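Working notes, beginning with the structure itself.
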Amino acid sequence: MQFEKTPGWLDWYQGPSKPRFKAPAGAVDAHCHVFGPGAEFPFAPERKYTPCDASKRQLTALRDHLGFARNVVVQATCHGADNSAMIDALVSSGGRARGVATVKRSVSDAELQAMHDSGVRGVRFNFVKRLVDFTPKDELVEIAERIKQLGWHVVIYFEAVDLPELWDFFTALPTTVVVDHMGRPDVTEPVDGEEFELFVRLMREHGNVWSKVSCPERLSVSGPPALHGEQRAYRDVVPFARRIVESFPDRVLWGTDWPHPNLKDHMPDDGLLVDFIPQIAPTAELQRKLLVDNPMRLYWPEEQS
Ligand SMILES: O=C(O)/C=C(\CC(=O)C(=O)O)C(=O)O
């Protein structure tokens with residue numbers, strides 16, 4: 001099938017630089033996606049955007065180029081609840097990729113078990129209105145209870161302004177809960193302002209809540225962008241991510257978010273995104289927890305001694 005990209009779509013950055021920051025051995029890119037290829041894995045009819053292709057082979061090449069060892073592939077909304085492209089990436093990875101799926105209430109136990117056998121370890125609940133139609137909460141609760149039996153976790157994606165309304169639902173989830181991109185704070189607000197304090201409180205009061213300190217390129221207002229060799233990119237995001245890393249060093253994850261769906265302004269050089277890491281995790285110990293210990297505990301617990 002032939003697909004036409006959403007008008008204004010930015011393709012992922014070709015020829016990323018080699019990062020100056022050397023990731024610790026065994027580092028995990030814990031948030032990335034595959035798109036299609038559309039001819040092999042068609043995009044879902046209910047999608048809100050049509051991306052360029054971004055294949056498992058291209059993802060693996062990026063992983064190696066950046067000096068990472070493993071990936072966590074998160075189901076992108078352009079594939080709806082058809083997880084085939086993501087699962088294909090896991091199955092071909094030789095055990096070096098795990099996944100986060102999108103499922104509906106109609107998923108059977110046998111299908112969940114097959115996903116588990118392929119390397120899926122979580123489901124994603126998306127509350128970003130421009131990306132998905134509303135799924136009733138009772139359906140999500142039912143899914144959470146079922147995937148809990150498999151030892152999976154729930155990944156949640158939402159905008160900071162919606163946290164007060166979603167608080168009761170999130171704090172009642174029975175599994176580990178991983179928040180995408182720090183709950184998308186408005187970084188023009190103070191880092192100790194009311195909005196971000198609520199997010200910090202969510203993590204402080206709920207030991208099962210983790211956060212990805214990813215996507216500065218999505219959150220930044222002032223930049224400068226990770227382009228043209230910039231070593232201090234997205235400075236306005238640094239205090240937010242660094243606060244979370246330093247306050248909750250054992251519950252943070254990092255990911256490239258390649259191939260960066262729906263960016264409107266610029267497409268970052270992924271090598272320079274890796275160079276962003278020491279700004280938010282300034283010590284070797286914090287870097288090891290963020291990039292190795294934490295993702296390994298969540299996604300490859302059987303390899304923990
Ligand atoms: O890649 C991300 O994490 C963020 C996305 C896209 C997304 O979540 C999806 O399509 O599933 C966004 O803000 O548009």
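The values are calculated or read from the model by the stated rules, or taken from the named source; none is laboratory data. This is a predicted model, so every value here is computed, not measured. Here the Cβ positions follow ideal geometry from the backbone for every residue, glycine too, while neighbour counts run over all protein chains shown. We work out accessible area using only protein heavy atoms, side chains counted, and drop any ligands, DNA or RNA first. Shrake-Rupley method; radii C 1.70, N 1.55, O 1.52, S 1.80 Å.
Net charge in the neighbourhood of R70 (other residues with Cβ under 9 Å of its Cβ; Lys, Arg +1, Asp, Glu -1) is +2. Mean sequence separation of contacting Cα pairs (under 8 Å, at least six apart), scaled by the length of segment 28-110, corresponds to a relative contact order of 34 percent. Note on E142 and R130: their simple-model spin labels are 3.2 nm apart, each label 7 Å out from Cα toward Cβ.
Can you work out the accessible area per residue across the chain, with the rest of the protein chains kept in place, probe 1.4 Å, in square angstrom? Each step should come with its number before you reach the end.
Numbers: 12770 Å² over 305 residues.
In whole numbers, the chain has 42 Å² accessible per residue.
Computed from backbone phi, the HN-Hα couplings of segment 190-196 come to x, 5, 10, x, 4, 5, 6 Hz, rounded to whole numbers (Karplus: 6.51 cos²θ - 1.76 cosθ + 1.60, θ = phi - 60°; Gly and Pro given as x).
The Cβ shell under 14 Å around R204 holds other residues with a net charge of -2, Lys and Arg each +1, Asp and Glu each -1.
Accessible surface of the chain, 1.4 Å probe: 51 percent of it comes from carbon and sulfur atoms. Database remark: amide H of V120 closer than 5 angstrom to the amide H of G99 (H placed geometrically; neighbours at sequence offset of 5 or more, or on other chains; Pro and chain starts carry no H).
Excluding same-chain neighbours fewer than eight residues apart, the aspartates and glutamates reachable from K137 by a Cα-Cα span under 18 Å are E145, E159, D162, E165, D168.
Give me the percent relative contact order of the chain, please, defined on Cα pairs under 8 angstrom at least 6 residues apart. Kindly include the intermediate steps, with their values, before the conclusion.
Numbers: 561 pairs, mean separation 64.7, N = 305.
Relative contact order comes out at 21 percent.
What the Cβ-Cβ distance of A61 and E194 gives, at R0 = 45 Å and to the nearest 0.05, is a FRET efficiency of 0.55.
Need one word for the chain: rounded, prolate or oblate. Basis is the Cα gyration tensor (sqrt eigenvalues a ≥ b ≥ c); a/c below 1.5 gives rounded, then a/b vs b/c decides. Judged from the Cα gyration tensor, the chain comes out rounded (a/c under 1.5). In this structure, the pairs whose alpha-carbon distance is over 21 Å, taken from K104/K148; K5/K264; K56/K148, are K56/K148.
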